[in-house]
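Engineer: Following this message is one structure expressed as structure tokens.
Bear in mind these aren't lab numbers, they're just calculated from the coordinates by the rules spelled out. Predicted, not measured: the structure shown is a model, and the values here were computed from it. Neighbour counts are summed over all protein chains in view; Cβ atoms, including those assigned to glycine, are modelled from backbone coordinates with ideal geometry.
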């Protein structure tokens, strides 16, 4: 058996009365990739934050290479060869890759950029990174920025790397390149901890899997003998069905027709470029694209939150058969027509929910514009809050708990549950499972399917291409603000979609398919 790179014994962390981690024992071996799995609120992030010096344990011991260590800050963690690559990059846009990598090192000494550049190239060649040391951050793709973050940690001498959801914004091709690099690093003796909700990635990249449940370490198993079902059962504590029951669309009719819409940002850069497509009732239209390709602006344009320079967004109202151009309406008017936008950005509380208000009061937000009765009648929102808590298994002391006290995943369940309960004719769900564990994610997928079966037109923006091809009837791919293709969800492959995601030129391939 290999030697332990890091070992945790009886590690406990509490936040007031909440026990985030309870007497956790965990070992990471030298030269292995260990995946950490667990439901939302299981203590994964808290545990990693203690290893990387962001939190300090209340109880327990941490051993690095067999010796007990005291990790109180990220600087202490680096001193023991531990580095964490977070989901949100900490880079200076106007600096080059090399300048970002050496930033904050050698305080009091003069920077030797030439020598630093040489070392960056050496690290890149050793592990197979594709990186231009002289390229500015603002010129880079998401995967290039991630590469800079990883090289930055290696440059500082890390032997144990912690990666938090590293593939969330990568194409399948970029993910494979990253995994090839991680395997090479492992083969050179590095230890890697990877946190991901994508079960197929866990099975593909890891050597062992550690499972946390309700703050406790349940088991560490060899990946070779594990399956999605066995790992999920360890996570949840019971057998769970992990399948999306996609049905054939029935009685479909055109609900939304978007034609030739164009949009620029404040700097005059085109963010939506001549986009056209249709959405039908009784179907799920998936939207795929690299982060920042225009998905958010497109949905906000439909919801009346984003100004567009030209084009039309025609909505057929199922109640009266009237066709309205949504460009001429306010977000409130659009919502009253039956269009619902369930948009879940990084700041979940910044859009749609008020953190200081209870779950019940957040249910009432949709009704405030209708007059005093919304403040008097609390039974309906109370019942709705209770239903969402039960159906989506929201972890909360009660429906009166302020939303800000919930974990990110539970906030997301409240938001998505409320939007679905509003009985829309068109439901737009952007990243509705971002940050959710696998069990919660499948609850949301099946809720979206139920909406489709009841005749709702559903637009689903997702990051996981496996889910897109399993859930959606059609998939529209956006690349650099343009539609690069519309494909059949039942026959498309991840690789085909991945290529369309990086396609710079719109050759109108599939452009007419969306109108069929």
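Engineer: For residue 422 and residue 121, calculate 0.36 nm times their separation in residues minus their Cα-Cα distance, and state this gained length in nm to one decimal. Write out the running numbers ahead of the final one.
Structural biologist: Numbers: separation 301, 0.36 × 301 = 108.36 nm, distance 5.43 nm.
Separation in residues times 0.36 nm, less the Cα-Cα distance, equals 102.9 nm.
Engineer: Now, a different point. Work out how much length residue 264 to residue 230 would gain on full extension: take 0.36 nm times their residue separation and subtract the Cα-Cα distance, in nm to one decimal. Walk me through the numbers on the way to the answer.
Structural biologist: On the way: separation 34, 0.36 × 34 = 12.24 nm, distance 4.81 nm.
That pair, residue 264 and residue 230, stretches by 7.4 nm at full extension.
Engineer: Going by how many other Cβ atoms sit within 10 Å of their own, how do 131, 287 line up, fewest first?
Structural biologist: On the way: 131 20, 287 25.
Lowest to highest Cβ neighbour count: 131, 287.
Engineer: Give me 393, 463 sorted ascending by neighbouring Cβ count inside 10 Å, so fewest comes first. Don't jump to the answer; show the numbers that get you there.
Structural biologist: Values: 393 15, 463 20.
Final ranking by Cβ density, sparse to dense: 393, 463.
Engineer: Still on this structure, I have one more. Given the Cα-Cα distance of residue 244 and residue 63 and 0.36 nm per residue of separation, how much length would full extension add, in nm?
Structural biologist: Details: separation 181, 0.36 × 181 = 65.16 nm, distance 4.27 nm.
Working it through step by step, the gained length comes to 60.9 nm.
Engineer: Another one. In percent, how large is the relative contact order of the chain, given Cα pairs closer than 8 Å and 6 or more residues apart? Don't skip to the answer; put the middle values down first.
Structural biologist: Working: 1051 pairs, mean separation 77.3, N = 516.
Worked out over the chain, it gives 15 percent.
Engineer: How would 310, 257 line up from fewest to most surrounding beta-carbon atoms within 10 angstrom? Numbers along the way, then the final one.
Structural biologist: Details: 310 12, 257 18.
The fewest-first ordering by Cβ neighbours comes to 310, 257.
Engineer: Using 1/(1 + (r/R0)^6) with R0 = 45 angstrom and r between the beta carbons of residue 114 and residue 204, what's the FRET efficiency to the nearest 0.05? Provide the component values of the computation, followed by the final result.
Structural biologist: Working: r = 39 Å, r/R0 = 0.87.
My answer for the efficiency is 0.70.
Engineer: Using alpha carbon centroids, what distance separates segment 184-261 and segment 419-477, in Å?
Structural biologist: Segment 184-261 and segment 419-477 have Cα centres separated by 17 Å.
Engineer: Taking Cα centroids, how far is segment 274-343 from segment 36-73 in Å?
Structural biologist: Answer, in whole Å: 44.
Engineer: On to the next question. Return the calculated 222 nm mean residue ellipticity for the chain, to the nearest 500 deg cm²/dmol, obtained by summing -39500 (n - 2.57) across DSSP H runs with n ≥ 4 and dividing by the residue count. Could the numbers behind the result be given before it?
Structural biologist: Values: 17 runs with 163 residues, N = 516.
It comes out at -9000 deg cm²/dmol, rounded to the nearest 500.
Engineer: Ok, one more. Once you put a point 7 Å from the Cα of residue 305 and another 7 Å from the Cα of residue 466, both along the Cβ direction, what distance in nm separates them?
Structural biologist: Between residue 305 and residue 466, the simple spin-label model gives 2.9 nm.
Engineer: Quick one: if the Förster radius is 51 Å, what FRET efficiency do residue 322 and residue 400 give, using the C-beta to C-beta distance and rounding to 0.05? Each step should come with its number before you reach the end.
Structural biologist: Details: r = 41 Å, r/R0 = 0.80.
In this case the efficiency is close to 0.80.
Engineer: Turning to a different aspect of this structure: Sort 354-364, 6-16 by packing, meaning the average of other beta carbons within 10 Å per residue, with the highest value first.
Structural biologist: Values: 354-364: 19.1, 6-16: 16.6.
Output ranking for 354-364, 6-16: 354-364, 6-16.
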